[in-house]
Amino acid sequence: MPSGNMPMKPDQKKNNLRLGLILASVALVFFLGFVGKMVLGGG
């Protein structure tokens, strides 16, 4: 696979941004669920 040295199209950049936000929100939900379980379960 060629490395991404080519300039990205704006729509591709927007898709990457959306994907990043989705992944970040999923990670945040998992993290909050883990913390909540620790707090509610007493560790």
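All of the numbers you see were taken from the coordinates with simple rules; none came from a lab. In this text the structure is predicted, and so the values were computed from the model without any measurement. Cβ atoms come from the backbone with ideal geometry, glycine included; neighbour counts cover every protein chain shown.
Per-residue ellipticity at 222 nm for the chain, helices alone: DSSP H runs ≥ 4 residues times -39500 (n - 2.57), over residue total, nearest 500 deg cm²/dmol? Provide the component values of the computation, followed by the final result.
Working: 1 runs with 31 residues, N = 43.
Taking each H run of at least 4 residues, the total per residue is -26000 deg cm²/dmol.
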Quiz item: Between residue 22 and residue 9, what is the label-to-label distance in nm when each label sits 7 Å out along the Cα-to-Cβ direction?
Solution: 1.8 nm
